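> Just dropping this structure here.
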């Protein structure tokens, strides 16, 4: 679950490094555990689904609050970027919208079945399948595009300020 | 529409979300459809890439040790002596390398060692490196799981401390699994579900928080008709691969360990039959997948 949490919260928008991600995940874990105290589940499966669901819910609330702060003109440090396309799958996952990222990571990283992921995210099964399809297509496109642009960048790392002089 | 349905089936297959019958039917189709095979291979490779990319995220915590370790083929005394000799050799090599580095030589002052001691030191380093290489080859991984796994050790330690004697009280006495689950909930973010099974042989006495392999664990104490106690240690772990129960004996205590649904389990007791009985009861309770 910690691995899922770290992968989910680490985006290129609000959480830019692993240390911040770990501290946010620990905070959300504590909150999730406090909210689940009075309502224990009946079996392993439902306990797991509910714990992940609570974590996802709290993280969504956290993101909404940050987005609202950003919209109000609040100061949020932007994640640094070197301007180059990153060909890694990690970068593709980080660039996904939250609703696609959480569905994909629940299924692929946490090993949830589609039905359990739908229960954890509180959405219909068809929506989970749709989100998985979109997430996978986006990552595939991202990796392909990055691979296409990488050789040129490697050959001309500072091409932006070079000019052809006749 | 048909393509959407097909894509949904492919996703369900690669995500292991198909029922057994559907899976068999899909695999039959897969054998005759090259395009389908290509799609499955594509998404499976993407899944593998994502898992590999995030595999090291939680590496701050050591992986669970169910008893598999290096140097399993040799006897235990040899394993421990090899480890200590390896570390001593490594320390000596590091120390001599430090002493021989130009920076430390400069820091030591104008005195430079003569050629003979330098040759001697070089031979010594070569001998140590050769010895370390031999030890590394001898202690290559392989063989059956060793009995001193971390989960085994945690289970045995918890049993010795909290369940070996009939007069050791439990921290929270309750025979209702739901009450114990609720009591344990604040300690574990993901929640620990106390197995709810009915048995004429074993009676649940209560639970306590005990040290696990990397973090705290729930330790449940059961008692049989003769008053013998059996302990069940449940520790939430970071997505370990599921494994079947593995029965071992350590210092006169029988212990069965396995992982399932993100938790590590260790059943410990002095009577192997009781340990096996409790393991069967716990392992039969509903699992997440």
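Where a number appears in this text, it was derived from the coordinates with a stated rule and is not lab data. All values derive from a computational prediction rather than experimental measurement. For neighbour counting, all protein chains shown are included, and Cβ atoms are generated from backbone atoms with ideal geometry for every residue, glycine included.
> Order the peptides B:272-283, B:12-23 from the highest to the lowest mean number of other Cβ atoms within 10 Å of their residues. Walk me through the numbers before you get to the answer.
Numbers: B:272-283: 18.8, B:12-23: 16.3.
Those peptides, ordered most packed to least, come out B:272-283, B:12-23.
> What nm distance separates the two modelled labels at residue B:244 and residue B:167, each placed 7 Å from Cα along Cα→Cβ?
It is 4.3 nm.
> In peptide B:37-50, what is the residue-averaged number of other protein chain Cβ atoms found within 10 Å of each Cβ?
For peptide B:37-50, the averaged partner shielding equals 3.
> Modelling each spin label as a point 7 Å along the Cα-to-Cβ direction, I'd like the residue B:130/residue B:42 distance in nm, to one decimal.
Each label point is offset 7 Å from its Cα along the Cβ direction, giving 5.8 nm.
> Packing-wise, with mean Cβ within 10 Å as the measure, how do B:27-33, A:105-111, B:195-201, A:13-19 rank, highest first?
Order by mean packing, descending: A:105-111, A:13-19, B:195-201, B:27-33.
> Okay, moving on. Nearest 0.05, what FRET efficiency do residue A:71 and residue B:271 give at R0 = 60 Å with Cβ-Cβ as r?
0.40
> Here's a follow-up. Would you mind putting A:124-135, B:182-193 in packing order, based on average other-beta-carbon counts within 10 Å, highest first?
B:182-193, A:124-135
> Return the average number of partner chain Cβ atoms within 10 angstrom of each residue Cβ along peptide B:9-18.
If you average over the peptide's residues, the count of other-chain Cβ atoms is 5.
> Would you mind giving the mean number of other chain beta-carbons within 10 Å of the Cβ of each residue in A:126-132, as a whole number?
4
> Spin-label point model (7 Å from Cα, Cβ direction): what's the residue B:120 to residue A:91 distance in nm?
5.7 nm
> For the range B:2-53, what size does the Cα cloud have along each of its three principal axes, sorted from largest down, in whole Å?
Computed over the range B:2-53, the largest-to-smallest principal extents equal 32, 22, 20 Å.
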